[in-house]
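So the structure is just underneath, and the comments pick up after that.
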Amino acid sequence: MSGALATGCGAHLQTWRPYTLSYPGLVGLAGAALADGPPSAAHLWAAWAAPTLSWIAGHYLGDYFDRDLDATAKPQRPIPSGRLSPRAAVASGLLCALAAAVVTALAAWPALLLVAGGMAGIVAYSKVFKGRGLSGNAVRGALTALTVVFGAMTAGAEPRWPAVLLAALAFWAHDTASNLVGTLRDVEGDRSGGYHTLPVLRGVRYAARTAALLYAAAIVTAAACVPLTAPAGRTAFAALLLAAAACGITAFTPLLRAAAALTPVRALRAHEVLVAERLVLAGAVLSAGWGPTPALTLLLPLLTLSILTQARLRARHEFPPDAGGTERPPAPESAPRRAKSSGRYRAPTR
C-alpha cells in the first residue's frame, strides 16, 4: 500500500471513531429485541447496519461542520490536518447516509422516515444545536432514542411499544448525559470558537451535576422496563443494568469530586468509561428481549474491541501531539458567567 493511500485510509478510519462503531448497531438490535417473534436475518442486518452507517455519516458531516473549530483546537484531526478534504468528508457522509436508506428500504421501508429524521437531526445537531447549551446535548440524545425505535420497527414483528418507548427514553437521557460529559474536555476550545455549550455558559461543576442527574434518570427509566420484558431475560437484564450503573458511578465520581479543577484529560477518562458502559446498557436491553446468551455473545467481544481501540486511538484523536495527554490546567469558572451575561449566541465561523 502506497504512503498516500495508507494516509487516506487512516484518515477515514480515524473519522469513523472505531471505538464507538459497535454502539449504534447494538442499540438497533436492542430495539429489535423488544419485538414479538423471531426476526429474520435480513431484519437483523438492517437493525444493525443502518444505524451504523448513519453513525459514520454523522461523524463525516460533524467533522465537516466543525472543521474551522478543529483547525484551532484539534489540528491533528483528518480534515484540518489535510489528510481528508472537506469535499471528501461530505461525499463520504452522504454515501453512508444513502447506503443506510437503501438497507432500510430493502428490509423495512416504513422505517425510512426514521432514517431521514435521524440524518436531519445529525445535520441540525452539528450545524445549529451543538453550540447552544443543553438543547444540543438533548438533540444528540434523541438520535439514539430514534435508533431504539428504528430497531423495533425493522424487527419484522409487532414491537412491544411500552418497553420500546421506555428504553428509548432511557437512551435519550443516557446519551444526553454522555454527550454533555464529552463537552467537559473541550471547554477552552469551544469558548474560543464561539460554541456556547453548557460548561461554557454555566461552568464545569454545573454541567457535571446536570449530566449526573440525567444519567441517574436513564438508569431509573431503564429499570422500569423490567416488568415489561420477557421473564427469561430479567435476571441478565438486572445484572447488566447493575454493571452499567457501577461503571456510571466510576465515571461520574471523579467528575463531581473535582469539577472545579477538572482537566481535559480527566474528563476524557470519564467519557471513555461511558463509551464502554453504554455498550453494557445496550446489552442489558438486548438480554431483556432475547435472553442472556445472545446478549453476552454480542456484548463481550464488542466491549473488548471498544476498550482496546479507545486505549490505542482515543487520546491522539482528541488532543494535539504537543499536548501529549498531559494534565492541562482547567478553564476558570469565572469565564462561563461572562459568556452567559452576553445573552447572545455567536455562531462559530463555518
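So how many residues does the stretch 52-77 have that are under 17 Å from GLY25 (Cβ atoms) and over 19 Å from the mean Cα position of the chain (by Cα)? Number of matching residues: 0.
Apart from one condition, PRO78 fits all of (1) touching a residue at least 40 places away in the same chain (Cβ under 8 Å); (2) touching a helix residue (DSSP H, G or I) at 6+ places or on another chain (Cβ under 7 Å); (3) part of a helix (DSSP H, G or I); (4) closer than 20 Å to TYR125 by Cβ; the exception is (3).
If you check GLY248, GLY233, GLY291, GLY283, which single one turns out to be open to solvent by less than 20 Å² (accessible area, probe 1.4 Å) and at positive phi? Break it down stepwise before answering.
Numbers: GLY248 fails: at positive phi; GLY233 fails: at positive phi; GLY283 fails: at positive phi.
None of the others qualify; the one that does is GLY291.
Summed over the stretch 101-134, residues that are within 30 Å of GLY203 (Cβ to Cβ) and either in a helix (DSSP H, G or I) or open to solvent by less than 50 Å² (accessible area, probe 1.4 Å) (or both) total 12. The set of residues from the stretch 9-45 being closer than 28 Å to PRO231 by Cβ, part of a helix (DSSP H, G or I), open to solvent by less than 40 Å² (accessible area, probe 1.4 Å) and of a type outside the set (Ser, Thr, Tyr) comprises GLY25, LEU26, VAL27, GLY28, LEU29, ALA30, GLY31, ALA32, ALA33.
Per-residue answers, yes or no, for (1) closer than 18 Å to ALA138 by Cα; (2) open to solvent by 10 Å² or more (accessible area, probe 1.4 Å):
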{"site": "THR183", "(1), (2)": "yes, yes"}
{"site": "SER192", "(1), (2)": "no, yes"}
{"site": "HIS196", "(1), (2)": "yes, yes"}
{"site": "ALA207", "(1), (2)": "yes, no"}
{"site": "LEU213", "(1), (2)": "yes, yes"}
{"site": "ALA217", "(1), (2)": "yes, yes"}
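When the stretch 251-264 is filtered for residues that are crowded, with 18+ Cβ neighbours inside 10 Å and not in a loop (DSSP other than H, G, I, E, B), the ones remaining, listed by number, are ALA251, PHE252, LEU255, ALA259, PRO264.
For the structure I just gave you, tell me whether THR104 is among the polar types (S, T, N, Q) and either within 30 Å of ALA41 (Cα to Cα) or within 19 Å of the chain's Cα centre (by Cα) (or both). Spell out how you get there, then give the answer.
Details: among the polar types (S, T, N, Q): yes; either within 30 Å of ALA41 (Cα to Cα) or within 19 Å of the chain's Cα centre (by Cα) (or both): yes.
When the stated conditions are applied, THR104 passes them.
Among the residues that make up the stretch 168-175, is at least one of them at pLDDT 95 or above, over 17 Å from GLY58 (Cβ atoms) and open to solvent by 30 Å² or more (accessible area, probe 1.4 Å)? So far as the stretch 168-175 goes, yes, one or more of its residues are at pLDDT 95 or above, over 17 Å from GLY58 (Cβ atoms) and open to solvent by 30 Å² or more (accessible area, probe 1.4 Å). Checked against the criterion of being touching a residue at least 24 places away in the same chain (Cβ under 8 Å), out of contact with any helix residue (DSSP H, G or I) (no Cβ under 6 Å at 6 or more places or on another chain) and of a type in the set (Val, Ile, Thr), the stretch 262-273 contains one or more residues that satisfy it.
The values are calculated or read from the model by the stated rules, or taken from the named source; none is laboratory data. Because the structure is a prediction, the values reported are computed rather than measured. Neighbour counts run over all protein chains shown; Cβ positions are idealised from the backbone, glycine included. These area figures cover heavy atoms from the full protein model, side chains too; ligands, DNA and RNA do not enter into them. Shrake-Rupley method; radii C 1.70, N 1.55, O 1.52, S 1.80 Å.
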